[in-house]
Every structure is written in C-alpha cells, then in structure tokens.
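Shown next, in structure tokens, is the structure this report addresses.
The values are calculated or read from the model by the stated rules, or taken from the named source; none is laboratory data. As the structure is a computational prediction, the values presented were derived from the model and not from experiment. Using ideal geometry, Cβ is built from the backbone for each residue, glycine included, and neighbour counts are taken over all protein chains shown. These accessible areas exclude ligands, DNA and RNA; they are computed on the full protein's heavy atoms, side chains included. Shrake-Rupley method; radii C 1.70, N 1.55, O 1.52, S 1.80 Å.
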Amino acid sequence: MKFAYYPGCVAQESGKELDLATRWVCRALGIELVEFPSFSCCGSGFVDEANEVLNVAINARNLAIAERAGLNLLTICSTCQGMLTLANHRMADPKVRARVDGALKPLGIEYRGTVRVTHLLRVLVEEVGLPAIRAKVRRPLAGLKVGAFYGCHLLRPTDEMGGEGGGDGEEPHSFEDLLAAIGADPVYYRGRVMCCGFPIQFVKEATANRIAGHQIQDAKSHGADAMATPCPLCHITLDAYQNKAEKAVGARLDMPVFHLPQLVGLALGATPEELGLPRHLVPTEPALARVRPSGA
Amino acid sequence: MADTTISATFDVYRFDPAVDRSARYQRYTLDLAPHTPVLTALLRIRAEVDPTLSLRYSCRSAICGSCAMQVNSKSRLACETQIGPEIARHGRIVVEPMHNQPVLRDLVVDQTPFWREYERVEPHLKLDPARPMPADRPTSMTPEQVERFKETPRCIACAACYSSCPAVEADPEFPGPMALAKLYRYVVDPRDTATRERLVGIQAGGLWLCLRCHLCTDACPKDVRPSERIRDLKELAIAAQGATEPGSRHAVGFKESIRGAGLLNEMQLVRRTYGPLGLFGQLGQGLRIWRKKPEVVRRPHRIEKVEEIEKIYAALDTGSEAPK
Ligand code: SF4
Ligand code: SF4
Ligand code: FES
C-alpha cells in the first residue's frame, strides 16, 4: 500500500505531532508514504472564498504531482481532504477546466483527473481493514470513552465527498468503528458531525469559541473522557483554544483531544512521546489513566 | 398488499405552552406500509389516535415547504420521508420540531426569525426607474446569464437549512443559508440594478459568519446548495468592494500568505487579519501555544518549485481585494 503523502501545512508546523503519529502508524501497518516537497497548501477553504478558480488551480497542481508519480493521494486533514476532492469535482466543469489548464499548461503541468484523494481514516477502515488493525492491537484502549469529531470537510457536501453509506442519509460511523476496533468505547453525540467553529475564529472569535465549547460540552455530557479528530484545524480549535471555549461557555471542560492516528498509535504500542502527546495544550494523561490495563 | 406492513414506533415531541411546563415525547405504534410518508403517519395518528397533535402541512407533495421537521435528528420534509428506511436504520422514528425557531406547539414552530432574515435581503428585483422594463414584450436573458442562477430558484422556503445551521444557532447576526441563497439569486440577476449595494450591505451584514460547514446543503430537499452560493457571494463581495471585514481580510490574507512560500505562514496571517494592534491582543494566547508548539512563530520552509505558484497566481488572480 503506497500513497503520495499530503501532510498539509499545520502538520508540518504547529501540529507536528499529527505528522509524527501518522508516520508511526503507517510504518506499523505497512503503508508506504511517498513525500513530495513541491506540494503546496490546499488553501484551507479561505483561498476558495477569495478566488474559486485559483483554489482549484493550486490543488490541480498538487494532484498533478501525484498523478505524474502514478500514486493516489493520502491526506491527514479533513479540510485538505475537502479542498483536494473539491478540485477533482470542479475540474469536471469544462469552463473551470479551461481556465485552470490555461494557467497550468504553460508551466508544463497537466492534470488528467485520475488521482483518488483519500483520508487516513478511510485508508485505515476501508483499505487496511479493521480486522487487520484489531490483530495488531497490543494495548486495547479498554474503558476509554471517546467522542469522535469528524470535521465538516471530510463529510460534506455529502454528494461530493463520497459520503459514507453512499450519501443516502446514513450517518457516518467509520471513525466510531475504528475506535471500537482499537478497544475504545465510541460515544455518539450530535456534535460529532458538526462544525468546530474554526472558519470564523478570525471573523468573530466569541461566536467561534462558543461553537467549539458547545461541541465539547455535548461530547462531555454524553460521557466522553476524550475526543478524537481526523482534522488538525479542529484540533487547534478544540485543544489549543479550549481555554477560550471554556470562557465562552462559562464552564470548565478539561477535555483531552487526540489526533486520530495518536489513538491508533497508542493501541498499537507507541509511547506518548513518539506520538507527540506532550505537545497538547490540554494534558492527555487523565484520559490515558482511564485505559484499563490489559487482562483486567 | 396488506401483509407487507411493518410495525412502526413513533416518538413524537409534544409541547403545549398553555398546559405543559416542559416538553415530553409521546409514543405511538402503528402498522403501516414501509413506503408511507412520515406526514401521512402523523395525520393518521391525529385522525385516529390523538386529535390534539399539532403540525403544519399543505401540499403533501414536497412543493409547499410547510412540513419540514426533525426526523431522527435530521431536518426533512415529512411528506417525502418514507418510514421504511428510517425504521430500518434507527428502529423507530423520532419526530421533533425544527431547530433555531421557538416552538409554538408540538411540531409547529414560530418562523418569524426565518422570514425576517428573508425580508432583510430584499428578495425582489430593484429596477432603475429611468430604465423601466419594457411593457409590451418580455425581457430576454442569454443562456450564460440564466446559468448563473444555478440552483437557487428551486428553493421552496421550507427552512430545513435554517434549522440545521450552526451559525444561525450561535449568532443572531447571521442571516441564514436560505436568505443568502435568495440574495445571491438577485445579485446575479442581470435585470437588478442594486448589485453593488446588495454586496456592500451583506459584506458587513453577517456574510462572513458562515462556517462553510455545508450542513445546509446536505439538509436542503431541493438541492439549492446554499453553502456554495454563499461562497460565490463572498468572492463577488470582495470583487465589488474589496476586503473590508475581518472575514474577507482573512480570506484575502490567507491567499496572499501562501503566495511566497507555497505554505501557510501562520504568524503573517494573524498580523494581516488583526493588524499590529489586534496581534497584540492575541499575544497571550500565542504565548500559551508557543510554549508547547514553538513552530507557530517559525516561517514555513519554501516548497520546491514555488515559482509555479507565483505564475498560477499571475494567471488567475488579477486582484481586486484592496478596499475600493
Ligand atoms: S455552510 Fe454556512 S449557511 Fe450553511 S449551515 Fe453551515 S454555517 Fe450555515
Ligand atoms: S434552501 Fe433548501 S432547505 Fe433552505 S429553505 Fe430553500 S428549499 Fe428549504
Ligand atoms: S406538505 Fe408541502 S412540502 Fe411537505
């Protein structure tokens, strides 16, 4: 199993622990990650707001890099997943395609549209498969109640993102299935498919913080000891800005928030340091202390 | 055939402010064919079991938009949602009133806030009195002009999007997906003469509070795709007026910040969005994060072949973001 690895900006900088954990888990599961130093930022949804065609073009360039290498592309961020998938969809519109080609062709770049964009979550569930993961679990996360938090762009618009259950209105469950496979207890709550508030963190901080606070409270009131997300932008909001969310909702939250591969890594035997857990703003130790020792 | 019915359990939200202190869920169990719409089932409950159940409906054909409600936690038209798949997936059917609007009684909500936002975008053609539309012949549009309307004329004002929208829930300043989709429809109408005023007004009127979470587009029974039209409005507003609000400054700042290195420069972006003074206000939070994640102040490395990014920008980003 081999992919063009698209880490995205955050995992290369302030979210480095996500990159660390991804590499650890992929090594353990035999997923080969091929790096391309010429990959650019996906635009994070903001470039799309300012200039749609430009956003498609920079992502078509990213996709063309993977296409030339004959690889499908692996993302570790819901927003990167959304933006690169969107580029694939928009390129099907002949008018958009003509403008993008007009900008790329003079640079000797052509994107034929053959790259499949997939997120680590889907690779683990659909390609590695839950039985194979279960077989490699060395330290089941038994007793740990985890609220999955998907991140909007991994899921919606459902018809474009290739939603789980074929977009027939079925609720997503791949993340919870994965959590169960590594021994944790998935917690279902309304907020798990909602927005973390990140896109308006710079527009109206108080509203963004309140939205984040509500999702964390929702997970907490359903019994979650921790949350986990496949999106580093959600992670910034839920972890690094949790103190602000607490102020916005007027309650202590103390909610440890894991990146998806960190929990998988823990179950497969990695140490907290190997997964960058000490880099979190909200300490993760209380959650780890909830894991029942094996055999208990 | 009669033998193909299933036993369907409904848990229906009941609340009558005149007598109830809080809401409760009432259970009804009926034998029904799997293709029965939820609305038909509710009407049977009202006719045969409980005449006090209040709900709103009219056409029973997914046209009038009055029967939207929460079916198993999703905003749906009750008249086009069949019970079979709901029972198969959830084992029962939980029916609740829509969100983001106060409950009047049972499944009937007060739609005043939804319609107030609709009126606020002035959803009618504004014409130039000096150039009235010809009275003796129809006006015509080119196919390209018609195409710009996209999906918005399909809206039946059911408020399913409004009910699903987390920005509506969190901030009373946000007009909501349907009102913005309607606004878009008039902004791109070649007959309308208030395009610029409309865009200037909405840029400062809550447009940038949209979270682009696409919950509205998923909820909409008519595939109006409000979130995508809101995106269009954002780009049009910047083109008409420049980036005048924190939201548009952030979008344009983000676009510029990846131009030089190909990757996001977090510090530069914060400075661009907040300005030097605003940056000061973020210092405390920045320090907290920096202690654990020192990379936040580092300039990102340059990607290889970054000159390609510059050339793509030169070809496609002809620039209109300075305030006009
Ligand atoms: S995309 Fe915007 S308008 Fe639509 S539901 Fe989300 S916040 Fe509301
Ligand atoms: S946009 Fe869709 S969901 Fe919203 S009111 Fe119109 S038809 Fe209903
Ligand atoms: S009753 Fe008219 S849309 Fe359902």
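Side notes on the structure shown:
- For the stretch A:108-142 versus the stretch B:114-171, the gap between their alpha-carbon centres in whole angstrom: 43
- Rounded Å value of the spacing that divides the Cα centres of the stretch A:22-78 and the stretch A:195-225: 27
- Mean separation of Cα contacts under 8 Å, 6 or more apart, over the residue count of chain B: relative contact order %: 13
- Fraction of accessible area attributable to carbon and sulfur, the protein assembly as shown (%, probe 1.4 Å): 53
- Residues of the stretch A:1-46 buried by at least 30 Å² on assembly (accessible area, 1.4 Å probe, chain alone as reference): A:CYS9, A:GLN12, A:GLU13, A:SER14, A:PRO37, A:SER38, A:SER40, A:CYS41, A:PHE46
- Ranking B:PRO129, B:GLN101, B:MET141 by Cα position along the charge dipole of the stretch B:96-147, where only Lys, Arg, Asp and Glu carry charges on their C-beta atoms, puts B:PRO129 farthest toward the positive end.
- Chains B and A together, accessible area buried on both sides, 1.4 angstrom probe, square angstrom: 6200
- Chymotrypsin sites (Phe, Trp or Tyr not before Pro) within the stretch A:144-229: DSSP coil, no more than 14 neighbouring Cβ in 10 Å: A:TYR188
- Computed over Cα pairs, the Kirkwood radius of the protein assembly as shown leads via Stokes-Einstein (1.002 mPa s, 20 °C) to a diffusion coefficient of 83 µm² per second.
- Within the protein assembly as shown: Cβ-based charge dipole about Cα centre, in debye rounded to nearest 20 (Lys, Arg +1; Asp, Glu -1): 880
- Basic side chains Lys and Arg get +1 at the Cβ, acidic Asp and Glu get -1 at the Cβ, and with that the dipole of the stretch B:164-232 about its Cα centre reaches some 240 debye.
- Using the 1.4 Å probe convention, the accessible area of the stretch A:1-139 works out to 34 Å² per residue with neighbouring protein chains retained.
- Surface accessible to a 1.4 Å probe, per residue, for the residues of chain B, Å²: 47
- Ellipticity at 222 nm from helices only: DSSP H runs of n ≥ 4 in chain A, each -39500 (n - 2.57), divided by the residue count, give -12000 deg cm²/dmol.
- Per-residue SASA entry for A:GLU285, accessible area with 1.4 Å probe, Å² rounded to 10: 120
- C-alpha center-to-center spacing [the stretch B:1-51, the stretch B:78-111] in angstrom: 10
- For B:TRP290, the solvent-accessible surface computed with a 1.4 Å probe is close to 110 Å², ligands and nucleic acids excluded.
- Only Cα pairs under 8 Å and 6+ residues apart enter the sum, and on that basis the relative contact order of chain A stands at 21 percent.
- Per-residue [θ]222 nm for chain B (sum of -39500 (n - 2.57) over DSSP H runs n ≥ 4, rounded to 500): -11500 deg cm²/dmol
- Value of relative contact order over the stretch B:122-222, rounded to a whole percent, pairs C-alpha under 8 Å and six or more apart: 38
- Square roots of 5 times each gyration tensor eigenvalue, C-alpha, chain A, largest first, Å: 32, 22, 16
- Dipole magnitude of the stretch B:36-191 about its Cα centre (Cβ charges: Lys, Arg +1; Asp, Glu -1), debye to nearest 20: 340
- Going from the chain on its own to the full set of protein chains, the stretch A:49-78 has these residues losing 20 Å² or more of accessible surface (heavy atoms, 1.4 Å probe, no ligands, DNA or RNA): A:GLU49, A:ALA50, A:ASN51, A:GLU52, A:LEU54, A:ILE58, A:ARG61.
- Listed by chain and number, the lysines placed with their C-alpha closer than 28 angstrom to that of B:LYS74 are A:LYS145, A:LYS204, A:LYS220, B:LYS150, B:LYS182, B:LYS222, B:LYS234; residues fewer than eight positions away on the same chain are left out.
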